[in-house]
Amino acid sequence: MRDFSKVLGGSLQGTRSRTTSAKLLVLILAWTFAPAARCGDAESRPPNVVLFIMDDVGMGDIGCFGNDTIKTPNLDNLAQEGAKLTQHMALPLCTPSRAALITGRLPVRYGMGAEGRMRVFIYISARGGVPSNETTVAELLKDAGYATAMIGKWHLGISCTDENSCSDPNSQGFDYFYGLPMTNLRDCGTESTVSYAWAKPRRVYAKMAYSVLGALAAAMLLKWMELIGYRSVVLFLFVALAANGSLLMLWKAIRINCVLMENREIVEQPLQYDHLTERLHSRAVQFMESHQQQPFLLVMSFVQAHTALYNNDLFRNHSVHGSYGDNLEEMDWSVGEVLSSLKKLGLERNTFVYLTSDNGGHVEEFTDDGEREGGWNGIYKGGKGNTWEGGIRVPAIVKLPGVIPPGTVVSQPTHLPDVLPTVARVTGVKLPTDRIYDGRDLMPLLTNDSSEMTHEFMFHYCGVFINAVRYTPEGGDTTYKVHYTTSRLIPGPHGVLGCFQTYTCDCTGWSTDQHDPPLVYDLTRDPSEASPLDSKDPIVVEVIGKVEEAVSRHRLTIPDQQSHQFSVLQTFPRPWDRPRCGSFPFYTCTDPYLNHFKADKKKTPR
């Protein structure tokens, strides 16, 4: 087995001299060539790791995966210099996908599989999150001497069950965190919405006061008309106060999630989109500059292209695909800024780079005017939230100069849990042996060292339910997909098929279809899942039998969930235990780093 942490560079060895003059000569040479030695260290040490995670970006959104109208030159160039994975699988939604990526294990193994509709965290104060006994990629590399940083969207919980069991990025192995603890919610709005709903929250309180005074005046009028008594006046007032109090709690519970954090402190509340992309990648660049003398792990987790959409001024009206296209082109520019910095620091040739999306494009996202604000999944059916190909097949690119041949294309099934074992192989870090990993080391595929099948079976979970299974017979050239449950897709705007009846697809229930016998597709010849195979065909019968046997074996490896991270109690907001900044009752603050960009007014290349 090749040790890729050593292939990338050699080590300098010197010979100890026995004479004083020789020692003096060695010292002089070391002093003279110190800069060159430091540069050489970047090649001899274990490789850096940079993981880019896009949000809700579909297979049809990027140039190198077939889009010829949205401009993604930096992503396209990354694919040309490395490997493109054309059958890379995620989970249907962001929280379980991100959990699988950083742990190398399916989320159902540690309580991150949901039984109900709530499959992601929507409240910052929810108790659920990645359990502390899971070993993340950050913890593995940190123990090996790596500096570690998470920049951007986290969405894996930040609460603690006790002082030694927390889910926030700093507790999960990241030395530094700057970003969103939750996700980019529509409730966060744009900067103009922020200025109305948050920067001037007194308007909200004023409206509440007016409504209470109005209710009191109406009650007193009715009393004056002798239609009610004083007890009814008091009841009127109590109901008005209770209604306004409930509305206030709901309003604050939703918008309190719109925050920006640095490590465990809130630095901006509410979140402002102004220069957000620049703020995120600038912190990533600063981290790399500060740790260029040691190996590092950087996870750059983009907020884009999740709604609400936002853009730097110079990227507005930049794409022929409206705001969504503008978002992708700005994100592509941001990826380019990080990669350019790697090159300037002399670290490019010793850095493992991986880029993917957390799930397929959200096809149900349209404005009231019919403008598409969600991603495009190309030829693949469905989208975010379901286990049709459009929901779980995501773009992926991997680069490691000198190891992965440029222009490599991997068409075998791979998935997000493969990232951790692959990073462990590249960096020379040993995986724990006390747990089952669902991921596999992809380096033999990426380096053309082996064409052996990495995954014979792949189980596509939706929450705790196995809704579909991938099967590639050993030695064969066909990948089958067996569907037990599918989301019911109906036409929406412009004829787009999606879960428009529920907005986000469900895993089970009235908006899904159960299949017995299951639907079987030949993905090699029918990647669009347009025509299911005949369930009575002997080959199909054999495929179904093989898959059912594999499902039975797989279920034996799944423990009863010790902690249900998506139970009602785990996902319910706890206003008394949420992080905040500022003072009661407004709780507002602005990221000091934002002022740097407003004052600088940097030019962004078009």
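Checked against the criterion of being over 22 Å from Thr447 (Cβ atoms) and out of contact with any helix residue (DSSP H, G or I) (no Cβ under 6 Å at 6 or more places or on another chain), the candidates Gly382, Gly361, Gly346, Gly336 yield just one match: Gly361.
Can you pull out the strands (runs of 3 or more DSSP E) entirely within the range 455-540 that have at least 1 residues that are in contact (Cβ under 8 Å) with a residue 60 or more places away in the chain and open to solvent by less than 30 Å² (accessible area, probe 1.4 Å)? So that I can check it myself, show each step before the final result.
Details: elements: 457-462, 465-471, 480-487, 512-522.
Ranges flagged: 457-462, 465-471, 480-487.
Selection within the range 114-149: residues that are under 16 Å from the mean Cα position of the chain (by Cα) and either among the small types (Gly, Ala, Ser) or modelled with pLDDT of 95 or more (or both). The member of this set that is nearest to Asn257 (Cα to Cα) is Gly129.
Residues in the range 379-386: is at least one more than 30 Å from Tyr503 (Cβ to Cβ) and in a loop (DSSP other than H, G, I, E, B)? For the range 379-386, residues more than 30 Å from Tyr503 (Cβ to Cβ) and in a loop (DSSP other than H, G, I, E, B): absent. Inside the range 328-370, can you point out the residues that are on the phi < 0 side of the Ramachandran plot and among the small types (Gly, Ala, Ser)? Of everything in the range 328-370, those that are on the phi < 0 side of the Ramachandran plot and among the small types (Gly, Ala, Ser) turn out to be Ser334, Gly336, Ser340, Ser341, Ser357, Gly360, Gly361. For the range 569-603, the set of residues classified as more than 30 Å from Ala114 (Cβ to Cβ), modelled with pLDDT under 80 and in contact with a strand residue (DSSP E or B) (Cβ under 7 Å, 6 or more places away or on another chain) consists of Gly582 only.
Would you check if Val108 is part of a loop (DSSP other than H, G, I, E, B) and touching a Pro at 6+ places or on another chain (Cβ under 9 Å)? For Val108, the condition - part of a loop (DSSP other than H, G, I, E, B) and touching a Pro at 6+ places or on another chain (Cβ under 9 Å) - is not met.
For the range 562-583, the set of residues classified as in contact with a helix residue (DSSP H, G or I) (Cβ under 9 Å, 6 or more places away or on another chain) and open to solvent by less than 30 Å² (accessible area, probe 1.4 Å) consists of Gln565, Phe566, Pro573, listed by residue number.
Quick grid of which residues meet (1) at pLDDT below 95; (2) within 26 Å of the chain's Cα centre (by Cα); (3) basic (Lys, Arg):
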| position | (1), (2), (3) |
| --- | --- |
| Glu474 | yes, no, no |
| Thr485 | no, yes, no |
| His494 | yes, no, no |
| Cys507 | yes, yes, no |
| His515 | no, no, no |
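Go through Leu345, Leu339, Leu328, Leu314 for me and flag whichever is open to solvent by 10 Å² or more (accessible area, probe 1.4 Å) and in contact with a Ser or Thr (Cβ under 7 Å, 6 or more places away or on another chain).
On the way: Leu345 fails: in contact with a Ser or Thr (Cβ under 7 Å, 6 or more places away or on another chain); Leu339 fails: in contact with a Ser or Thr (Cβ under 7 Å, 6 or more places away or on another chain); Leu328 fails: open to solvent by 10 Å² or more (accessible area, probe 1.4 Å).
Only one candidate passes the filter, namely Leu314.
The values are calculated or read from the model by the stated rules, or taken from the named source; none is laboratory data. Treat the numbers as computed from the prediction; the structure is a model and nothing was measured. A quick note on method: Cβ atoms are made from the backbone with ideal geometry, for glycine too, and the neighbour counts reach across all protein chains shown. Side chains are part of the model used for accessible areas, which takes the heavy atoms of the whole protein and leaves out ligands, DNA and RNA. Shrake-Rupley method; radii C 1.70, N 1.55, O 1.52, S 1.80 Å.
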